[in-house]
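The values are calculated or read from the model by the stated rules, or taken from the named source; none is laboratory data. The structure presented is a predicted model; accordingly, all values stated were derived computationally and were not measured. Cβ coordinates were reconstructed from backbone atoms using ideal geometry, including for glycine residues, and neighbour counts include every protein chain displayed. Surface areas here come from the heavy atoms of the whole protein model, side chains and all, with no ligands, DNA or RNA. Shrake-Rupley method; radii C 1.70, N 1.55, O 1.52, S 1.80 Å.
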Amino acid sequence: MTTGTDTTNRPAAASGTFRIGGDLEVHRLGYGTMQLTGPGVWGPPKDHDEAVRVLKRAVELGVDFFDTADSYGPYVAEELLHEALHPYGDDVVIATKAGLTRTGPNEWPPVGRPEYLRQEAEMSLRRLGLERIDLFQLHRIDPKVPLEDQVGELKKLQDEGKIRHIGLSEVSVDDVKAAQEIATIVSVQNLYNLQKRDAEELLDWSTEQGIAFIPWFPLATGGLTGEDSPLTEIAERKGASPAQLALAWLLKRSPVVLPIPGTSSVSHLEDNLQGATIELTDEEFEELSKLGS
């Protein structure tokens, strides 16, 4: 139970909590690190010091769930997390991913060979300064490698104590069911926001199963927050920003949703996290749903 003071000073706490894998409790509104890198998710941030400030400020505001990947930069986002937050507080949970390589800006070829996934898990442990990764996600299923080899390697790393929980990214319900024959899958991460709802079936299924659903691009990379946002009129009526409304809608959509809005600006971070304090009525939720469809 969070107090009023908690949610005033630490707005992320107002989003409530979810137990990933049944034992890893986090505030539902987290932070995604992809936008801390350079253009095309390639290279260092434009403003290194601001990137560090964003991560530190996120913790101050109650964020305890950080989503990253070896491919962001590559390596840049993980290194920034280490610089800004290590040694991590007991409540800080870092989820990372492997399975996409980088051949240049905006290029993401999948590689799911077991030896590569193992190498990247070991390197993420080193970069992040961790003895165990709380949530390790297969960034994409590589169609050239049998699924049992990819998920099977993550299961081996789990058995060795190097990762705690296993998640998948950009998958279908059938993909998750197949992976669950090999290992316990506790989270899925797909593109999903008010405007882009192709993953609706997966979200509904995840809700039934109690599996964490982590929507990436929860703000449609600015498509829901700019001057032409379809949310502007309702936002003004509600005394909120379009970004806050888009996040409030995701939080109300299902109790398993863990939005991870990313930004390289402290002011945008502070604005986004206030989305956790916005309470939508059922009527407002439906109105927003129709706007985004």
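Separation between the D23 and E160 pseudo-spin-labels, each 7 Å from Cα along Cα→Cβ, expressed in nm?
The modelled label-to-label distance comes out at 2.0 nm.
Among the listed pairs K155/K252; K252/K290; K56/K196; K56/K162; K56/K252, which are separated by more than 24 Å between their Cα atoms?
In this structure, K155/K252; K56/K196; K56/K162; K56/K252 lie more than 24 Å apart at Cα.
Taking a temperature of 20 °C and a viscosity of 1.002 mPa s, what whole-number D in µm²/s does Stokes-Einstein yield for the chain with Rh from Kirkwood over alpha carbon pairs?
The diffusion coefficient I find is 112 µm²/s.
Helix 242-253 versus the longest principal axis of the chain: what angle, 0 to 90°, nearest 10, using Cα atoms?
The two axes meet at around 70 degrees.
Calculate the FRET efficiency for S254 and E279 from the Cβ-Cβ distance with a Förster distance of 25 Å, rounded to the nearest 0.05.
It comes out at approximately 0.95.
How high is the FRET efficiency between K46 and E115 when r is their beta carbon distance and R₀ equals 35 Å, given to the nearest 0.05?
The formula returns an efficiency of 0.50 here.
Rounding to the nearest 10 and keeping the result within 0 to 90°, find how far the Cα-based axis of helix 114-128 lies from the longest principal axis of the chain.
The two axes meet at around 60 degrees.
Going by accessible area, probe 1.4 Å, with all protein chains left in place, what is the ranking of T184, T33, largest first?
Values: T184 95, T33 0 Å².
Ranked from most to least accessible, the order is T184, T33.
For segment 22-65, what does the alpha-carbon gyration tensor say about shape, rounded, prolate or oblate, given a ≥ b ≥ c as the root eigenvalues, a/c under 1.5 as rounded, and a/b over b/c as prolate?
Oblate, since a/c reaches 1.5 and b/c is not below a/b.
Note down the nm distance, to one decimal, between modelled labels 7 Å out along Cα→Cβ at E287 and at E148.
With each label point 7 Å from Cα toward Cβ, the separation is 5.4 nm.
Per residue, how large is the accessible surface of the chain? Use a 1.4 angstrom probe and give square angstrom. Can you show the working numbers first?
Details: 12610 Å² over 293 residues.
With the other protein chains kept in place, the chain gives 43 Å² per residue.
Once the other residues with Cβ under 12 Å from the Cβ of T207 are scored (Lys, Arg +1; Asp, Glu -1), what is the net sum?
-3
At a threshold of 8 angstrom on Cα-Cα distance, excluding pairs fewer than six apart, so keeping six or more, what relative contact order does the chain reach in percent?
18 percent.
Keeping every protein chain in place, order F18, F65 by accessible area at 1.4 Å, biggest value first, i.e. largest first.
F18, F65
Using 1/(1 + (r/R0)^6) with R0 = 25 angstrom and r between the beta carbons of D198 and E233, what's the FRET efficiency to the nearest 0.05?
My answer for the efficiency is 0.45.
For segment 16-87, calculate the relative contact order in percent as a whole number, restricting contacts to Cα pairs under 8 Å that are 6 or more residues apart.
34
Express in Å², to the nearest 10, the accessible area of T281 obtained by rolling a 1.4 Å probe over the protein heavy atoms while all chains stay in place.
Approximately 60 Å² of T281 is accessible to the 1.4 Å probe.
Which angle between 0 and 90 degrees, to the nearest 10, do you get for helix 76-85 versus the longest principal axis of the chain when only C-alpha atoms count?
70
Using only Cα atoms, what Kirkwood radius does segment 56-99 have, in angstroms?
Evaluated on segment 56-99, it is 10.8 Å.
Over segment 186-293, what is the mean sequence separation of C-alpha contacts under 8 Å (at least six apart), divided by residue count, expressed as relative contact order in percent?
In percent, rounded to a whole number, it is 29.
Please sort 237-243, 225-231, 143-149, 8-14 by packing, taking for each peptide the average over its residues of neighbouring beta carbons within 10 angstrom, highest first.
Ranked from most to least packed, the peptides come out as 8-14, 237-243, 225-231, 143-149.
Heavy atoms only, probe 1.4 angstrom, no DNA, RNA or ligands counted: give me H82, H165 ranked by accessible area, highest first.
H82, H165
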